[in-house]
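Trainee: Quick one: the structure is below, and I'll ask about it shortly.
The values are calculated or read from the model by the stated rules, or taken from the named source; none is laboratory data. Because the structure is a prediction, the values reported are computed rather than measured. Every residue, glycine as well, gets a Cβ built from its backbone with ideal geometry; the counts of neighbours run over all protein chains shown. With ligands, DNA and RNA removed, areas are computed over all heavy atoms of the protein, side chains included. Shrake-Rupley method; radii C 1.70, N 1.55, O 1.52, S 1.80 Å.
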Amino acid sequence: MSETIFSKIIKREIPADIIFENERVLAFRDINPQAPVHVLVIPKKAIPTVNDIHPEDQELIGELFTVAAQIAAEEGIAKSGYRTVFNCNEDGGQEVYHLHLHLMGGRVMHWPPG
Ligand code: DGP
(Lines give C-alpha, C1' and ligand atoms only; values in the text may rest on other atoms or scores of the structure.)
Protein backbone atom coordinates (compact mmCIF):
# COMPACT_ATOMS: atom_id res chain seq x y z
CA MET A 1 0.00 0.00 0.00
CA SER A 2 1.46 3.34 -1.03
CA GLU A 3 2.48 5.87 1.61
CA THR A 4 0.46 9.09 1.79
CA ILE A 5 0.72 12.23 3.87
CA PHE A 6 -2.15 10.87 5.99
CA SER A 7 -0.36 7.62 6.83
CA LYS A 8 2.54 9.81 8.01
CA ILE A 9 0.09 11.75 10.21
CA ILE A 10 -1.22 8.45 11.63
CA LYS A 11 2.36 7.41 12.46
CA ARG A 12 3.10 10.87 13.90
CA GLU A 13 5.88 11.37 11.37
CA ILE A 14 4.40 14.75 10.47
CA PRO A 15 2.39 17.00 12.80
CA ALA A 16 -1.36 17.57 12.67
CA ASP A 17 -3.98 19.08 14.95
CA ILE A 18 -5.48 15.75 16.02
CA ILE A 19 -8.82 16.04 17.83
CA PHE A 20 -9.94 12.38 18.00
CA GLU A 21 -8.27 9.00 17.96
CA ASN A 22 -9.17 5.42 18.71
CA GLU A 23 -7.82 2.08 17.46
CA ARG A 24 -9.45 2.44 14.07
CA VAL A 25 -10.10 6.13 13.37
CA LEU A 26 -8.20 9.42 13.49
CA ALA A 27 -9.58 12.96 13.06
CA PHE A 28 -7.59 16.14 12.57
CA ARG A 29 -8.15 19.68 11.35
CA ASP A 30 -7.70 20.30 7.62
CA ILE A 31 -4.55 22.31 6.84
CA ASN A 32 -6.49 24.36 4.25
CA PRO A 33 -9.89 24.87 5.88
CA GLN A 34 -12.87 25.67 3.64
CA ALA A 35 -15.15 26.48 6.59
CA PRO A 36 -14.71 27.62 10.22
CA VAL A 37 -14.87 23.93 11.19
CA HIS A 38 -13.10 21.66 8.71
CA VAL A 39 -12.04 18.30 10.08
CA LEU A 40 -10.86 15.18 8.23
CA VAL A 41 -12.03 11.87 9.68
CA ILE A 42 -9.95 8.97 8.38
CA PRO A 43 -9.65 5.23 8.90
CA LYS A 44 -6.22 4.12 10.07
CA LYS A 45 -6.55 1.34 7.49
CA ALA A 46 -5.13 2.64 4.22
CA ILE A 47 -8.11 2.56 1.86
CA PRO A 48 -7.22 4.77 -1.16
CA THR A 49 -10.66 5.79 -2.45
CA VAL A 50 -14.38 5.11 -2.07
CA ASN A 51 -13.92 2.65 -4.97
CA ASP A 52 -11.70 0.55 -2.69
CA ILE A 53 -14.24 0.14 0.13
CA HIS A 54 -15.06 -3.56 0.51
CA PRO A 55 -17.89 -5.29 2.38
CA GLU A 56 -15.59 -6.01 5.33
CA ASP A 57 -15.06 -2.24 5.72
CA GLN A 58 -18.74 -1.37 6.18
CA GLU A 59 -18.59 -1.10 9.97
CA LEU A 60 -15.43 1.00 9.76
CA ILE A 61 -17.01 3.40 7.25
CA GLY A 62 -20.05 3.71 9.50
CA GLU A 63 -17.75 4.59 12.38
CA LEU A 64 -16.31 7.51 10.37
CA PHE A 65 -19.81 9.01 10.41
CA THR A 66 -20.48 8.39 14.10
CA VAL A 67 -17.12 10.02 14.89
CA ALA A 68 -17.96 12.94 12.57
CA ALA A 69 -21.31 13.44 14.29
CA GLN A 70 -19.61 13.35 17.71
CA ILE A 71 -17.07 15.95 16.59
CA ALA A 72 -19.84 18.12 15.09
CA ALA A 73 -21.55 18.11 18.50
CA GLU A 74 -18.29 18.96 20.28
CA GLU A 75 -17.57 21.77 17.80
CA GLY A 76 -21.06 23.22 18.33
CA ILE A 77 -22.30 22.78 14.74
CA ALA A 78 -24.60 19.76 15.13
CA LYS A 79 -27.76 21.86 15.40
CA SER A 80 -26.84 24.55 12.86
CA GLY A 81 -25.74 21.87 10.41
CA TYR A 82 -22.74 20.78 8.45
CA ARG A 83 -21.61 18.85 5.39
CA THR A 84 -19.82 15.51 5.15
CA VAL A 85 -18.06 14.66 1.87
CA PHE A 86 -15.87 11.97 0.38
CA ASN A 87 -14.13 13.17 -2.78
CA CYS A 88 -13.29 10.32 -5.17
CA ASN A 89 -10.58 10.43 -7.83
CA GLU A 90 -9.81 13.27 -10.20
CA ASP A 91 -13.28 14.50 -11.12
CA GLY A 92 -14.31 14.31 -7.46
CA GLY A 93 -11.42 16.60 -6.50
CA GLN A 94 -9.49 14.00 -4.50
CA GLU A 95 -5.89 15.01 -3.79
CA VAL A 96 -4.86 12.61 -1.04
CA TYR A 97 -5.33 8.92 -1.80
CA HIS A 98 -6.11 7.79 1.73
CA LEU A 99 -9.87 7.75 2.33
CA HIS A 100 -11.03 10.78 4.32
CA LEU A 101 -14.40 12.15 5.29
CA HIS A 102 -14.53 15.96 5.21
CA LEU A 103 -16.61 17.45 8.04
CA MET A 104 -17.31 21.12 7.29
CA GLY A 105 -19.52 23.59 9.11
CA GLY A 106 -19.74 26.85 10.97
CA ARG A 107 -21.06 28.66 7.89
CA VAL A 108 -23.82 28.10 5.34
CA MET A 109 -22.65 25.41 2.93
CA HIS A 110 -23.94 26.28 -0.53
CA TRP A 111 -25.54 23.80 -2.89
CA PRO A 112 -24.83 22.75 -5.58
CA PRO A 113 -21.05 22.82 -5.02
CA GLY A 114 -18.81 24.04 -7.83
P1 DGP B 1 -9.18 15.88 -0.97
O2 DGP B 1 -9.08 16.95 -2.03
O3 DGP B 1 -10.59 15.40 -0.75
O4 DGP B 1 -8.20 14.76 -1.21
O5 DGP B 1 -8.80 16.58 0.39
C6 DGP B 1 -7.51 16.58 0.92
C7 DGP B 1 -7.51 17.54 2.05
O8 DGP B 1 -6.39 17.27 2.85
C9 DGP B 1 -7.42 19.00 1.63
O10 DGP B 1 -8.60 19.69 2.08
C11 DGP B 1 -6.18 19.53 2.34
C12 DGP B 1 -5.88 18.46 3.36
N13 DGP B 1 -4.46 18.23 3.59
C14 DGP B 1 -3.52 17.96 2.66
N15 DGP B 1 -2.33 17.78 3.23
C16 DGP B 1 -2.52 17.94 4.56
C17 DGP B 1 -1.65 17.88 5.70
O18 DGP B 1 -0.45 17.63 5.59
N19 DGP B 1 -2.21 18.11 6.91
C20 DGP B 1 -3.55 18.38 7.07
N21 DGP B 1 -3.99 18.59 8.32
N22 DGP B 1 -4.39 18.44 6.02
C23 DGP B 1 -3.88 18.22 4.79
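Trainee: Grab the chain and count how many Lys pairs have their alpha-carbon atoms under 13 Å apart, sequence gap of 8 or more, or different chains.
Mentor: Close lysine pairs found across the chain: 4.
Trainee: Within the P(r) computed for the chain, what percentage of the Cα pairs occupies the region above 21 Å?
Mentor: Percentage above 21 Å: 34.
Trainee: Leaving out ligands, DNA and RNA but keeping every protein chain, what accessible area does T84 have, in Å² rounded to the nearest 10, with a 1.4 Å probe?
Mentor: 50
Trainee: Any idea what angle helix 58-74 forms with the longest principal axis of the chain, computed on alpha-carbon atoms, 0 to 90 degrees, nearest 10?
Mentor: Approximately 40 degrees, to the nearest 10.
Trainee: Using the Cα centre of region 54-108 as the reference point, and only Cβ charges (+1 on K/R, -1 on D/E), how large is the resulting charge dipole? Debye, rounded to the nearest 20.
Mentor: Result for region 54-108 is approximately 420 debye, rounded to the nearest 20.
Trainee: Using a 1.4 angstrom probe with every protein chain in place, what is the largest-first accessible-area order of I14, I71?
Mentor: Output order, biggest surface exposure first: I14, I71.
Trainee: Which of S2, L26, T49 sits farthest toward the positive end of the charge dipole of the chain, with +1 on the Cβ of Lys and Arg and -1 on the Cβ of Asp and Glu?
Mentor: L26
Trainee: Quick one: Cα convex hull volume of region 22-70, Å³ per residue?
Mentor: Cα-based convex hull of region 22-70, divided per residue, equals 93 Å³.
Trainee: Please give the charge dipole size of the chain, origin at the Cα centre, charges +1 on K and R Cβ atoms and -1 on D and E Cβ atoms. Round to the nearest 20 debye.
Mentor: Computed charge dipole of the chain: roughly 340 debye.
Trainee: Using 0.36 nm times the number of residues separating L60 and N22, minus their current alpha carbon distance, what extension gain do you get?
Mentor: 12.5 nm
Trainee: Something else now. Distance in nm between label sites at K8 and N89, each 7 Å beyond Cα in the beta-carbon direction?
Mentor: 2.7
Trainee: Another question, if that's okay. Taking the full set of protein chains and a 1.4 angstrom probe, give the accessible area of E3 in square angstrom, rounded to the nearest 10.
Mentor: 100
Trainee: Relative to 2.2 N^0.38 Å, what does the C-alpha radius of gyration of region 71-114 come to as a ratio? Two decimals please.
Mentor: In units of the globular-protein estimate, region 71-114 measures up at 1.30.
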